[in-house]
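Structure record follows, encoded as structure tokens.
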Amino acid sequence: MERGHGEMERDDGRYGRERERMVEDQLVARGVTDPRVVGALGRVPRHRFVQEALRERAYGDHPLPIGEEQTISQPFIVGLMTSLLELTGREKVLEVGTGSGYQTAVLAELARRVCSIERLPRLAERARATLEALGYDNVWVRVGNGTLGWPDQAPFDRIIVTAGGPAVPPPLVQQLAEGGRMVLPVGSTDNQVLTLVERVDGQIRERAHSECKFVKLVGKYAWEP
């Protein structure tokens, strides 16, 4: 069952209409049709996760800068990656790369618990404050090296990585539960492939999904700072 925290933002005026157009034009029209995912992106107030000066562009079909040389992903990518996780509402999810907290909020709408790691303290603090202000009480945000995962909370039913690395970090594979799914971009610093990793009967399966481009995943099992 959807948590509905995003509905705390009573913005049925302009932002609500923009969000409806975003869902129809950028998600449904491009194949993201999972009703739970569509519903979550229709509820979460994306404009609250960007700088006030950029709120005019919050629902556009593009990423936006959030400071620290990082970005908030375009809505379609958020919807696509979330759909690939196939969340039912019972899962504990690890998110590597909290960023603005927008993807975190979408996950919080659809999962039991979200454990999110951000390597940049200022981004982590800002995201935590925004999520708390919107009433998301099923999210934990910590500062750390995301490529190491979160051993104290493992295993995870789902893992999502919102930055691109050269390979799948081994600690994340180790922390993926049986029957679990992980979605992440893998490739060079310029171009990656969105990759689905599954643990089935103790075996790891990887499947390439589509080309993409993310900011660099930085850490022990990715790129150097």
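None of the figures in this text is laboratory data; all of them are computed from the coordinates on show. Small disclaimer: the values here were computed from a predicted structure and weren't measured. Ideal geometry is used to build each Cβ from the backbone, glycine not excepted, and the neighbour counts take in all protein chains shown.
Restricting to bridges with both residues inside the range 66-163, how much of the DSSP beta-bridge set is antiparallel, in percent to the nearest 5?
Values: 1 of 15 bridges.
The answer is about 5 percent antiparallel.
Any idea how far apart E198 and E69 come out in nm if each label point goes 7 Å out from Cα toward Cβ?
Here the answer is 3.7 nm between the modelled labels.
Using the Karplus equation 6.51 cos²θ - 1.76 cosθ + 1.60 (θ = phi - 60°), what ³J(HN,Hα) coupling, rounded to whole Hz, does each residue of the range 176-183 give in order, writing x for Gly and Pro?
With coefficients 6.51, -1.76 and 1.60, one gets 7, 5, 4, x, x, 10, 10, 10 Hz.
Hey, could you grab the Kirkwood Rh for the range 93-146? Inverse mean 1/r over distinct alpha carbon pairs, Å, one decimal. It would help to have the intermediate numbers written out before the result.
Working: mean 1/r = 0.0954 Å⁻¹.
Evaluated over the range 93-146, this radius sits at 10.5 Å.
How are the C-alpha pair distances of the range 103-225 spread across 5 Å bins, as whole percents from the shortest bin up?
P(r) over the range 103-225, rounded to whole percents: 2, 11, 20, 22, 23, 15, 6, 1, 0.
Hey, could you get me the Stokes-Einstein D for the range 22-164, Kirkwood radius over alpha-carbon pairs, 4 °C and 1.567 mPa s, rounded to whole µm² s⁻¹? Intermediate values should be presented prior to the final figure.
Details: Rh = 15.0 Å.
After rounding, the answer is 86 µm²/s.
Given only helices, namely DSSP H runs of n ≥ 4 each adding -39500 (n - 2.57), what is the per-residue ellipticity at 222 nm of the chain, to the nearest 500 deg cm²/dmol?
On the way: 6 runs with 56 residues, N = 225.
It lands at -7000 deg cm²/dmol.
Report for the range 85-225 the percent antiparallel among DSSP-assigned beta bridges with both residues inside it, nearest 5.
On the way: 16 of 37 bridges.
Beta bridges within the range 85-225, antiparallel portion: roughly 45 percent.
Return, ordered by residue number, the residues of the range 50-91 whose backbone nitrogen is under 17 Å from a label point located 7 Å along Cα→Cβ of R30.
57-65, 71-85
Would you work out the relative contact order for the chain, in percent, from Cα pairs under 8 angstrom that are 6 or more residues apart? Walk me through the numbers before you get to the answer.
Values: 475 pairs, mean separation 35.0, N = 225.
Relative CO of the chain lands at 16 percent.
Of L120, G60, W140, which is farthest along the charge dipole of the range 1-158 in the positive direction, counting Lys and Arg as +1 and Asp and Glu as -1 at C-beta?
W140
So, in Å, what gap is there between the alpha-carbon centers of the range 96-130 and the range 26-48?
18
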